[in-house]
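Worksheet: one structure, shown below.
The values are calculated or read from the model by the stated rules, or taken from the named source; none is laboratory data. The structure presented is a predicted model; accordingly, all values stated were derived computationally and were not measured. Don't worry about glycine lacking a Cβ; one is built from the backbone with ideal geometry, like all the others, and counts go over all protein chains shown.
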Amino acid sequence: MRYISTRGNTPAKTFTEILLGGLAPDGGLYLPEQYPQVSRAELDAWRNLSYADLAFAVLSKFITDIPAGDLKRIINKTYTPQIYCHPRSGSDANDITPLRTLEPGVHILELSNGPTLAFKDMAMQLLGNLFEYALAKQHEELNILGATSGDTGSAAEYAMRGKRGIRVFMLSPHGKMSAFQRAQMYSLQDPNIFNIAIRGVFDEAQDIVKAVSNDHAFKAKYKIGTVNSINWARVSAQIVYYFKGYFAATQSNDEQVAFSVPSGNFGNICAGHIARMMGLPIGQLILATNENDVLDEFFRTGVYRPRGTDHTYETSSPSMDISKASNFERFVFDLVGRDAAKVREFWGKVESGGAFGIKGTPYWDVLPQFHFASGKSSHQDRLKTIRELWEEYGVMVDTHTADGIKVGLEQRRPGLPLICLETAQPAKFEDTIREALGRGPVRPAALAGIENLPQRVTVMGVDVQAVQDFIRQHAAD
């Protein structure tokens, strides 16, 4: 299996060649040359596998340059009840991603039982082990540079803390995450973890990561890698739980389902798109945004119009406060028939501050073939959904999951079982839970009082040079 860039100007590479790098040298994102296909016989054989065995079956199709025995050991080390040890009441501690049924045909797939209580742990824990394996083989070191709007940062830091040969430099928007999210990141005292709070919004932090990644001399000298969802390994790991959720919610592989996915950066739902392209019977992919509804606007109107800082709103589902969806380029590459020149044309407009539209083109006509629906959710919608789920089912959800449930119930086609992907545990968003329910969420005992721990963070402006200087200073320590 070899990987190509969405911009078309980078030679095809193997999985391990792109594992540590992130963006392709031409500024594009890596995708497989073709998506591996899953046969009906394979679906039947995979239906009752454990999560780790299913992950090995799926990922073996994408990772062909790591010996099977080594890959199996890495995956078995990752997906264990000891790591995913924060299940909610009624969940089986041995089931890495339990399916919670609200009523017949409406389910929540629990993806937040990992160390940071967010779905990002599902991929990030694997990424940490893959990085450590690859670096040991190559006798290399890696300086990871990432940006987070809330959950990627802590998931990356918990996955990489103490890992040999790895340092993490994580950018976050200063003062714009929940107190719990900040505490999870900034309270880590591991010497290989560095937090940088940028006086701006997530999109500006992400732009810095891209700018540093596109400085090829700096990237090579300081061995810069990424853990954002621009990293292909993260997207591939997320494909696994679509298969697991499908099997849990159905009786046979003749059935179709709808997945509803809270979406900011398009990474999570991109994994669902790829699972469907591989042959998983997904009848509908429902994309849910908050007030930052750039992606909903595209699927409704055909126009992709990223917004500036002044029109990126601070909301109660902060991990989705994003107006430039990095992974969207991967989907558009498929939408335009893998025409890299067309992708370069579209993103040339985006990167110069503009927009592109597909209405009136053949791409608008083929868009329905990808089975997307979309909608948006507001703060009042979140409060109402959280309240109704608590009153009707005794189930407490976080704000982003509430967005997904609200839009999923609105948009799903009749007769399709609905699987809502959980984003995080409600403990991460205590203020909004209190506003909705008049009570606080339960949090794991190990994380009680985390906001009171000492915190380490460096605050700086939106400045690529300042971030590079910081990396220069600390990469040599």
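Details
- There is at least one residue in region 39-50 that is surrounded by 14 or more Cβ atoms within 10 Å (Cβ to Cβ), in a loop (DSSP other than H, G, I, E, B) and among the polar types (S, T, N, Q).
- Criterion violated by Ile239 - all others in (1) at pLDDT 95 or above; (2) over 30 Å from Thr97 (Cβ atoms) satisfied: (2)
- Residue in region 127-148 that is of a type in the set (D, E, K, R), in contact (Cβ under 8 Å) with a residue 24 or more places away in the chain and under 24 Å from Val261 (Cα atoms) present: no
- The set of residues from region 306-321 being assigned to a loop (DSSP other than H, G, I, E, B) and of a type in the set (S, T, N, Q) comprises Thr312, Thr315, Ser316, Ser317.
- Whether a residue is basic (Lys, Arg) and either in a loop (DSSP other than H, G, I, E, B) or crowded, with 23+ Cβ neighbours inside 10 Å (or both) was assessed, and Arg300 does not pass this test.
- All of (1) in contact with a Cys (Cβ under 6 Å, 6 or more places away or on another chain); (2) at positive phi hold for Gly408 with one exception: (2).
- Any hit, region 462-477, residues being charged (D, E, K, R), outside any loop (DSSP other than H, G, I, E, B) and within 21 Å of Asn292 (Cα to Cα): no
- Screening Thr10 with (1) more than 21 Å from the chain's Cα centre (by Cα); (2) surrounded by fewer than 17 Cβ atoms within 10 Å (Cβ to Cβ); (3) of a type in the set (Ser, Thr, Tyr) gives one miss only, at (2).
- Entry remark, region 228-274: residues being among the hydroxyl-bearing types (Ser, Thr, Tyr), under 24 Å from Thr289 (Cβ atoms) and assigned to a loop (DSSP other than H, G, I, E, B) number 2 in total.
- Against the conditions (1) buried (at least 24 other Cβ atoms within 10 Å of the Cβ); (2) farther than 30 Å from Gly175 by Cβ, Phe333 satisfies every one except (1).
- Residue match in region 160-171 (condition: over 17 Å from the mean Cα position of the chain (by Cα), of a type outside the set (Phe, Trp, Tyr) and more than 25 Å from Ala136 (Cβ to Cβ)): no
- Close pairs from region 90-118: first farther than 20 Å from Gly150 by Cβ and hydrophobic (A, V, I, L, M, F, W, C), partner at pLDDT 95 or above and in a loop (DSSP other than H, G, I, E, B), Cβ under 7 Å, at least 6 apart: Ile96/Tyr79; Leu102/Val395
- Within region 322-346, residues that are modelled with pLDDT of 95 or more sit with their Cβ atoms under 8 Å from residues that are among the basic types (Lys, Arg) and not in a loop (DSSP other than H, G, I, E, B), at 6+ positions apart or across chains, in these pairs: Val336/Lys342.
- The listed residue being within 15 Å of Arg88 (Cβ to Cβ), out of contact with any Phe, Trp or Tyr (no Cβ under 8 Å at 6 or more places or on another chain), modelled with pLDDT of 95 or more and of a type in the set (A, V, I, L, M, F, W, C), out of Leu409, Leu416, Leu383, Leu389: Leu389
- Tally of residues being in contact with a helix residue (DSSP H, G or I) (Cβ under 8 Å, 6 or more places away or on another chain), closer than 19 Å to Ala155 by Cβ, of a type in the set (A, V, I, L, M) and outside any strand (DSSP E or B) across region 408-448: 2
- Evaluating Ala448 against the criteria (1) loosely packed, with under 15 Cβ neighbours inside 10 Å; (2) without any contact (Cβ under 8 Å) to a residue 24 or more places away in the chain; (3) under 30 Å from Arg300 (Cα atoms) leaves one unmet condition, (3).
- Lys384 being within 22 Å of Gly22 (Cα to Cα) and either surrounded by fewer than 17 Cβ atoms within 10 Å (Cβ to Cβ) or touching a residue at least 12 places away in the same chain (Cβ under 8 Å) (or both): no
- The residues of region 66-87 that are loosely packed, with under 14 Cβ neighbours inside 10 Å and in contact (Cβ under 8 Å) with a residue 60 or more places away in the chain amount to a single one, Asp70.
- For region 419-431, a residue qualifies if it is surrounded by 24 or more Cβ atoms within 10 Å (Cβ to Cβ) and more than 17 Å from Asp121 (Cβ to Cβ), and the qualifying residues are Ile419, Cys420.
- Any hit, region 48-56, residues being touching a residue at least 60 places away in the same chain (Cβ under 8 Å) and within 18 Å of Phe333 (Cα to Cα): no
- One residue alone among Gly283, Gly279 is surrounded by fewer than 20 Cβ atoms within 10 Å (Cβ to Cβ) and on the phi > 0 side of the Ramachandran plot, and that residue is Gly279.
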